[in-house]
Amino acid sequence: MTLALTEMMETIRMVQMENLDIRTVTLGINLRDCYDTDFEKMKEKIYKKITTFATDLTKVAQEVEKEFGIPIINKRISVTPIAEILGSCTKEQAVEIAKTLDKVAIDLEVDFIGGFSALVHKGMTKSDQTLIESIPVALSTTQRVCGSVSVATTKTGINMDAVKLMGHVIKQAAELTADQDGIACAKLVVFCNPVEDNPFMAGAFHGSGEGEAVLNVGVSGPGVVLNALKRYPNADLGEIAEVIKKTAFKITRAGELIGRVVAKKLNVPFGIMDLSLAPTNAINDSVAEILEEIGLERTGTHGTIAALALMNDAVKKGGAMASSYVGGLSGAFIPVSEDNGMIRAVEEGALSLAKLEAMTSVCSVGLDMIALPGDVTASTLSAIIADEAAIGVINKKTTAVRVIPVPGKSEGELVEFGGLLGRAPIMKINHFSSEKLINRGGRIPAPLQALSN
């Protein structure tokens with residue numbers, strides 16, 4: 001893979017002036033061979049296996065960062081869904097494994113480690129249930145561990161028993177970290193149609209179709225796209241799509257180059273490039289501001305979904321031209337707390353929870369980093385998950401929910417999470433009950449779209 005001088009100069013400009021960075025290099029590691037009936041031995045095997053592959057991850061990433069002058073913001077690890085190796089462990093032992101993962105992350109100086117996860121879209125094993133029930137304590141007593149639970153797929157439908165359980169899990173996780181505004185929930189994602197090679201947290205895990213170890217990369221480019229669009233204030237929408245496509249091509253080229261160099265130095269295969277535009281709280285590094293540059297007075301108004309669909313499609317087309325190894329989620333994230341434009345739109349009344357939900361039908365993920373009133377019920381949380389899962393199931397796409405009920409806070413208040421997680425206004429929820437629906441349990445059957453063979 002070669003880069004021309006002009007591409008290098010453009011990349012330098014994007015880094016220095018437009019907030020281009022590599023959001024994450026994420027090393028996925030298989031832990032299935034770490035299972036042991038002796039629990040202490042299993043913890044030792046987990047620690048040893050991860051450190052064997054990831055000892056130099058942070059050092060190598062820093063070296064490559066200096067060599068190419070492109071910031072690598074996060075160094076992360078994802079592992080086999082822990083429920084798959086729990087066996088007959090207790091909830092307390094599951095928490096101990098989470099603490100082992102946390103120790104590895106701290107010792108290796110990586111930012112997050114994902115994979116405290118369970119895949120229960122069709123049913124729950126005993127180890128799945130053990131892990132899920134341990135999530136609130138595990139995430140509230142660790143710093144860098146992230147977890148996820150798959151409750152639905154297009155092929156299986158929606159496991160409403162798991163959906164109900166996750167409402168209670170989110171509520172409990174928030175309450176256990178009430179002194180930190182429910183921050184444990186920021187490390188927990190509930191998925192529909194999860195992918196096995198996602199490099200982004202909190203939903204990353206090393207899937208069953210992956211090899212022993214693999215490096216996946218996620219880039220951040222909203223600022224680059226925004227600046228590109230500002231140079232074409234009078235372009236029509238077809239021309240706008242072309243500008244975004246070409247810009248995404250350049251971002252992807254830079255990201256894959258960095259990823260391949262890091263993978264080679266670590267002596268592991270390069271996996272995928274995730275094309276998702278991932279916003280930050282930096283000025284002009286916002287997906288919402290891209291939509292507003294396209295032509296919306298404020299994100300959330302009528303036309304928002306059309307603008308988001310245009311942008312998302314153009315990003316994918318440009319990225320797919322630049323790389324043959326596109327994967328992960330690939331499109332656009334719309335995390336409210338991490339995007340200044342989204343925050344402003346909520347505060348000014350342009351963007352509601354219902355509109356965000358509609359937007360997720362055309363973008364990468366789902367309801368992401370949304371702060372809710374602390375008194376929201378577990379059944380309402382479950383119903384929000386069910387709605388988002390239904391969008392994913394019917395549209396055959398990945399959707400997810402990462403919401404944070406903030407204890408003691410109510411609609412309209414602002415909560416500061418700090419760092420990459422940013423700040424968020426507490427959003428209004430519908431106060432009519434969904435409890436009867438959630439309490440019915442069972443499975444919502446797979447849709448006709450599942451019959452694709």
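The values are calculated or read from the model by the stated rules, or taken from the named source; none is laboratory data. Please read these numbers as outputs of a predicted model, since none were measured by experiment. Cβ sites come from the backbone with ideal geometry, for glycine too, and all protein chains shown count toward neighbours. Just the protein is used for accessible areas: all its heavy atoms, side chains included, with ligands, DNA and RNA removed. Shrake-Rupley method; radii C 1.70, N 1.55, O 1.52, S 1.80 Å.
One chain, two ends: E133 and E413. Fully extended at 0.36 nm per residue, the span grows by 97.8 nm beyond their Cα-Cα distance.
Largest first, what is the accessible-area ranking of F432, F116, F68 with a 1.4 Å probe? Walk me through the numbers before you get to the answer.
Numbers: F432 175, F116 0, F68 75 Å².
Ranked list, largest accessible area first: F432, F68, F116.
If the segment from L237 to K59 were pulled out straight at 0.36 nm per residue, it would be longer than the present Cα-Cα gap by 59.7 nm.
The smallest convex shape that holds all Cα atoms of the stretch 72-117, its convex hull, gives 61 Å³ per residue. Cross-linked pairs K66/K99; K48/K265; K41/K155; K126/K155; K122/K171; K45/K126: Cα-Cα separations exceed 26 Å for K66/K99; K41/K155. Here the spin labels are modelled as points 7 Å beyond Cα on the Cα-Cβ line, and at K66 and Y325 they lie 2.5 nm apart.
Taking the 1.4 Å solvent-accessible surface of the stretch 172-279 as the whole, the part contributed by carbon and sulfur is 47%.
Under 25 °C and 0.890 mPa s, how fast does the stretch 298-453 diffuse according to Stokes-Einstein, given a Kirkwood radius computed over C-alpha pairs? Answer in µm²/s, whole number.
Numbers: Rh = 16.9 Å.
Using the Kirkwood radius from Cα pairs, D works out to 145 µm²/s.
With contacts taken as Cα pairs under 8 Å at a separation of at least 6 residues, the chain carries a relative contact order of 18 percent. Ranked from largest to smallest solvent-accessible area, with a 1.4 Å probe on the protein heavy atoms, T52, T37, T130 come out as T37, T52, T130. Nearest 0.05, what FRET efficiency do E44 and Q180 give at R0 = 30 Å with Cβ-Cβ as r? Efficiency at R0 = 30 Å is approximately 0.45. Pairwise inverse Cα distances across the chain, averaged and inverted, put the Kirkwood hydrodynamic radius at 21.9 Å. Counting only residues at least eight positions apart within a chain, or on another chain, the aspartates and glutamates with an alpha carbon under 14 Å from that of K428 are E347, E348, E357, D375, E411, E413. Let me test this: with uniform point scatterers at the alpha carbons of the stretch 110-179, what is the Debye-based log₁₀ I(q)/I(0) at q = 0.15, 0.20 1/Å? Summing over Cα pairs of the stretch 110-179 leads to -0.50, -0.82. Under the rule a/c < 1.5 gives rounded, and otherwise a/b versus b/c splits prolate from oblate, where does the stretch 170-302 land using the Cα gyration tensor? Verdict is oblate for the stretch 170-302. Per residue, the accessible area of the stretch 288-335 comes to 38 Å², computed with a 1.4 Å probe over protein heavy atoms only. Amide H contacts of L20: V15, each under 5 Å away and 5 or more positions distant or on a separate chain (H built 1.01 Å from N in the peptide plane; Pro and chain starts excluded). The alpha carbons of the stretch 286-351 stretch over 41, 22, 14 Å along the principal axes, in descending order.
Ignoring ligands, DNA and RNA, what percent of the 1.4 Å accessible area of the stretch 330-453 is carbon and sulfur?
Numbers: 2670 of 5100 Å².
Roughly 52 percent of what the probe reaches on the stretch 330-453 is carbon or sulfur.
Look at the dipole of the chain built from charges on Cβ: of T100, P407, G207, the Cα furthest out on the positive end belongs to G207.
Ligands, DNA and RNA are left out, and with a 1.4 angstrom probe the accessible area of the stretch 100-227 is 28 Å² per residue. Pairwise inverse Cα distances across the stretch 244-388, averaged and inverted, put the Kirkwood hydrodynamic radius at 16.3 Å. Among the GluC sites (Glu not before Pro) found in the stretch 393-453, those both in a DSSP coil and sparsely packed, with 16 or fewer other Cβ atoms within 10 Å of their Cβ, are E411, E413. In the chain, the DSSP-assigned H stretches of four residues or longer account for a calculated mean residue ellipticity at 222 nm of -14000 deg cm²/dmol, using -39500 (n - 2.57) per stretch and the full residue count as denominator. Among A235, A350, V365, whose Cα lies farthest out toward the positive end of the dipole of the chain, if unit charges sit on the beta carbon of Lys, Arg (+1) and Asp, Glu (-1)? Of A235, A350, V365, it is V365. Compared with the direct C-alpha span, the chain from E212 to F432 gains 74.4 nm at full extension, assuming 0.36 nm per residue. The listed residues E84, E347, once ranked by accessible area (1.4 Å probe) with the largest placed first, stand as E347, E84. Its Kirkwood hydrodynamic radius, worked out from the mean inverse distance over all distinct Cα pairs, puts the stretch 344-394 at 12.0 Å. What the Cβ-Cβ distance of D313 and I283 gives, at R0 = 22 Å and to the nearest 0.05, is a FRET efficiency of 0.25.
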